[in-house]
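Heads up: the structure comes next, in structure tokens.
Since every read-out is calculated from the coordinates, none of them should be taken as a lab result. Being a predicted model, the structure only gives us computed values, none of them experimental. Please note: Cβ atoms are built from the backbone with ideal geometry, for glycine as well, and neighbour counts cover all protein chains shown.
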Amino acid sequence: MSCEICGRSTCTRSFHSLEAQREFDDIAEKVKDRMKYILLRKINKLVFIRTEKEEIYVKLDDVEQIIDNYN
């Protein structure tokens with residue numbers, strides 16, 4: 001497995017300075033939050049299926065397609 005900060009296979013996160021780790025976390029957190037917002041917005045537009053027990057479902061294929069087409 002490669003380092004999440006620099007991508008080298010011979011490295012690990014702990015080899016980087018605390019400052020580099022914090023900088024990476026700040027950027028990564030913003031990217032994750034934005035990605036989550038976009039994906040949830042698209043998933044919330046899907047057709048929901050209600051069962052007699054009031055359970056709510058969406059088609060897995062629809063969710064997979066949203067993830068595959070994420071940009």
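Observations, loosely collected:
- Relative contact order [Cα under 8 Å, 6+ residues apart], the chain, whole percent: 17
- Quarter of the Cα convex hull surface for the range 1-47, i.e. its orientation-mean projected area (nm²): 4.2
- For the chain, the 222 nm mean residue ellipticity estimated from helices alone, with every DSSP H stretch of n ≥ 4 adding -39500 (n - 2.57) and the total spread over all residues, rounds to -16500 deg cm²/dmol.
- If R0 equals 30 Å, the separation of the Cβ atoms of Arg50 and Asp26 corresponds to a calculated FRET efficiency of about 0.15.
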